[in-house]
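The values are calculated or read from the model by the stated rules, or taken from the named source; none is laboratory data. Remember, it's a predicted structure, so these values are computed and weren't measured experimentally. As a convention, Cβ positions derive from the backbone with ideal geometry for all residues, glycine included, and neighbour counts pool all protein chains shown.
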Amino acid sequence: MSTNMNSGDEEPSPDLIVQCRVCGSMIDISNKRDQHVVKCEYCNEATPIRSPPPGQKYIRCPCNCLLICRSTAQRISCPRPSCHKIIVLYSPTEKNTPNQNDISPVPGMCQVNCGHCNEAFLFNSLVNQLARCPHCEKKSSVGREFARARGLIFAFLAVVALILAIVVTIVTHHPVSDGKKGWIALYAILYLASIYFFFRSVYFLTMKNSLIIENRS
C-alpha cells in the first residue's frame, strides 16, 4: 500500500529526462513523449526529443530559436521579430547527389563562418581571401595566414620607407637648408608612405578571421 501511495512522488526515470540544448537544464518529458519538441521552463527555448517528420530537419538559429524546414532547403529565415536572420544551409545528404554542383558550382567555392556576425555565407577562396559578409557587410580574412601575411608585408614596407626617409633627411640636410624644395617634397612622400604602410599593417593584423566550415560526413 505504501508503495502505491508514494509512486506519484518518485523521481522520473532517466529515460524520461532530457537536457536542454540551450541552457543545459533538465526537462521532464514524462507527459510529452508524443511531442517532437519540448520547451525549457528556464530559457523558454525548444529542444527536440524525436526525429523530425520525414522530409524535414531541425535548424538552430544563432539566436537559439529552433526552426524546422524541408531537408532540401538551402536558405531559411528566422521568424523572430528581433532576429530575422537569413541562414544559409548545407545538407550532408546532398553531397553525393547530381545536384551538388548547384551548391558549389565554381572550384574553390566553400562555406565560410563570418568572424563578425557568425553567419554563414558562400565564398570563393581561389579568387580572393578578403571576404565581405553579405549579412553584416563587414570585411574579414578567410583564414589567419592571409591577413597576417599582408600585415607583415605592410609592416616591412613601413620600416623601409621610414629608414629611407631618415637616411635621405640626414644625407640631404645641407641642400635643404639652402632652400631646395625638391628634397622637402621627397621627405614628405617618404614619411607619408611610412605612415600609410603602418596603418595598413595595423588594419590587417587586427582584422577578424572568418573560418571555412568543413563539410563532414
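What the table below lists for this structure:
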read-out	value
Selection from region 138-161 of residues that are part of a helix (DSSP H, G or I) and either small (Gly, Ala, Ser) or over 28 Å from Lys208 (Cβ atoms) (or both)	Ala147, Ala149, Gly151, Ala155, Ala158, Ala161
Residue that is nearest to Val88 (Cα to Cα) [pool: residues in region 35-67 that are among the β-branched types (Val, Ile, Thr) and touching a residue at least 24 places away in the same chain (Cβ under 8 Å)]	Ile59
Filter result for Thr47 (surrounded by 15 or more Cβ atoms within 10 Å (Cβ to Cβ) and of a type in the set (Ser, Thr, Tyr))	yes
Out of Asn101, Asn128, Asn96, sole residue that is in a helix (DSSP H, G or I) and either closer than 20 Å to Lys57 by Cα or modelled with pLDDT under 80 (or both)	Asn101
Residue within region 162-185 that is at pLDDT 80 or above, more than 27 Å from Lys85 (Cα to Cα), aromatic (Phe, Trp, Tyr) and surrounded by 12 or more Cβ atoms within 10 Å (Cβ to Cβ) present	no
